Structure formats: C-alpha cells, structure tokens
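> Once you've had a glance at the structure underneath, I'll fire off some questions.
The values are calculated or read from the model by the stated rules, or taken from the named source; none is laboratory data. Given the structure is predicted, the values throughout are model-derived calculations rather than measurements. Here the Cβ positions follow ideal geometry from the backbone for every residue, glycine too, while neighbour counts run over all protein chains shown.
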Amino acid sequence: MTKQIPNGFHHVAYRCNDAKETVEFYRDILGMDFQLAIAEDQVPSTGEPDPYMHIFLDAGNNNVLAFFELPGQPKMDRDRNTPKWVQHIAMRVESMEALLAAKQHLEENGIAVLGPTHHGIFQSIYFFDPNGHRLELAADIGTPEQMAQLKSVAPDMLEEWSRTKKAPRHAAWLHEKIAEETSV
C-alpha cells in the first residue's frame, strides 16, 4: 500500500462573486471565523496579471474554507454538465440536535433549506451560499460497526460499479435501515 502523503487539507478553495458578502455569510450565518485575506495583482504561481482577493475562513478542527474573488475574469458559473446536487461543500455538525438547530437558524435568516435527508450513516441538510455553491451540514449517526462493514465492502462495490455502472447491492442493508427508521 502507498504511504499516505497528505496530512489533511491545508485549505479548500472555491470562487466567489463578492469577497465581503461571502465573508459576511460564512461568518454571520454559519459562525465561521474570518482568518485572513490575501490580495495580489499578479498570480504568484504563474506570474499572470490577474488581481484577486483570497479569503480564508475557519471551518473547525483545523479545516479552512477559502474563496477567490476574481474581478478581472468572466462572471463565475457552474459546470453545466454536472447536476447541481453533485458539487457541494459538506461540513460536519456534532449531533442531530445541532443539525436541526442549524436548519432552524438558517430558515430564520431567510435561507431555503432542504432536509434533513437520511443517508443511513448520517443525516444532512442542504442550502446554497450567496455564490450559488451548494452547502451540506451533516450529522453522523452511523455506528463503528456499520462504518467497518461499509469499509469492508467498498473495494468490491467499486469493482462491480467499474464493470457494470449499476448500483451494487453490497450495502443494501443501509437502504433498508433508512426505510425502517423513516416508517416509524
């Protein structure tokens, strides 16, 4: 097995329409600490002239979510060949109670929220930031045994998917668990 090279994410960066509006949303709505801003008129890695504002927000547990505002580039857009539900930023909350409280807080601030959605080993809510990025807040509910079972079948599932492009049934118990819990 190959030795793991990274030691976590230093930061994950996305584009934003307006750096100030983005900071205000993540700071004031999600409670994330605005850590720092870097602004340049030239891209350090390429030398290209392209003014930008790069903002960094603390997402907790030494995770940083960053954004670039690029006023000299064409208006940002999303990948139109990918469904809106696919590309998203998922962040963990500590419990189902915290998830439900977050949903209420978001809705009280005029933000449309979808969910909670039951995924078997976690439940989550979905909403959009001011830039159109889909965000997910997720509360883990899976047991260590369930996680171990899912990990043990992951290679076989991937291999079957690679051959057939149809959903393998190795973890069908997960969907049965969801159906059982939502019918109660």
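> If you take the residues in the stretch 141-169 that are hydrophobic (A, V, I, L, M, F, W, C) and without any contact (Cβ under 8 Å) to a residue 12 or more places away in the chain, which one is surrounded by the fewest Cβ atoms within 10 Å (Cβ to Cβ)?
This residue is 148.
> Do the conditions hold for residue 138, that is, is it without any contact (Cβ under 8 Å) to a residue 60 or more places away in the chain and within 30 Å of residue 69 (Cα to Cα)?
yes
> Hey, another quick one. Quick one: which of 61, 17 is exposed (fewer than 13 other Cβ atoms within 10 Å of the Cβ) and within 22 Å of residue 91 (Cα to Cα)? Give the derivation first.
Details: 17 fails: exposed (fewer than 13 other Cβ atoms within 10 Å of the Cβ).
Unique residue meeting the criteria: 61.
> Mind listing whichever residues of the stretch 29-61 are β-branched (Val, Ile, Thr) and within 23 Å of residue 113 (Cβ to Cβ)?
The one that is β-branched (Val, Ile, Thr) and within 23 Å of residue 113 (Cβ to Cβ): 29.
> Something else now. Test of understanding: among 153, 93, which residue is aliphatic (A, V, I, L, M) and closer than 30 Å to residue 18 by Cβ? Working first, answer last.
Details: 153 fails: closer than 30 Å to residue 18 by Cβ.
Of the residues listed, the single one that is aliphatic (A, V, I, L, M) and closer than 30 Å to residue 18 by Cβ is 93.
> Just give me the residues in the stretch 1-47 being touching a residue at least 24 places away in the same chain (Cβ under 8 Å) and over 20 Å from residue 133 (Cβ atoms), in sequence order.
Matches in the stretch 1-47: 8 only.
> Now for a different question. Need at least 2 residues that are modelled with pLDDT of 95 or more, over 21 Å from residue 10 (Cα atoms) and in contact with a Phe, Trp or Tyr (Cβ under 7 Å, 6 or more places away or on another chain) per element, so show me which strands (runs of 3 or more DSSP E) inside the stretch 43-147 make the cut, counting only ones lying wholly within it.
Result: 114-118, 134-140.
> All but one of (1) closer than 25 Å to residue 93 by Cβ; (2) of a type outside the set (D, E, K, R); (3) part of a strand (DSSP E or B) hold for residue 7, so report the exception by its number.
The failed condition is (3).
> If you scan the stretch 154-171, which residues turn out to be within 27 Å of residue 95 (Cβ to Cβ) and not in a loop (DSSP other than H, G, I, E, B)?
154
> Any residue that is surrounded by fewer than 14 Cβ atoms within 10 Å (Cβ to Cβ) and touching a Gly at 6+ places or on another chain (Cβ under 8 Å) - is there at least one of those in the stretch 111-120?
Within the stretch 111-120, none of the residues are surrounded by fewer than 14 Cβ atoms within 10 Å (Cβ to Cβ) and touching a Gly at 6+ places or on another chain (Cβ under 8 Å).
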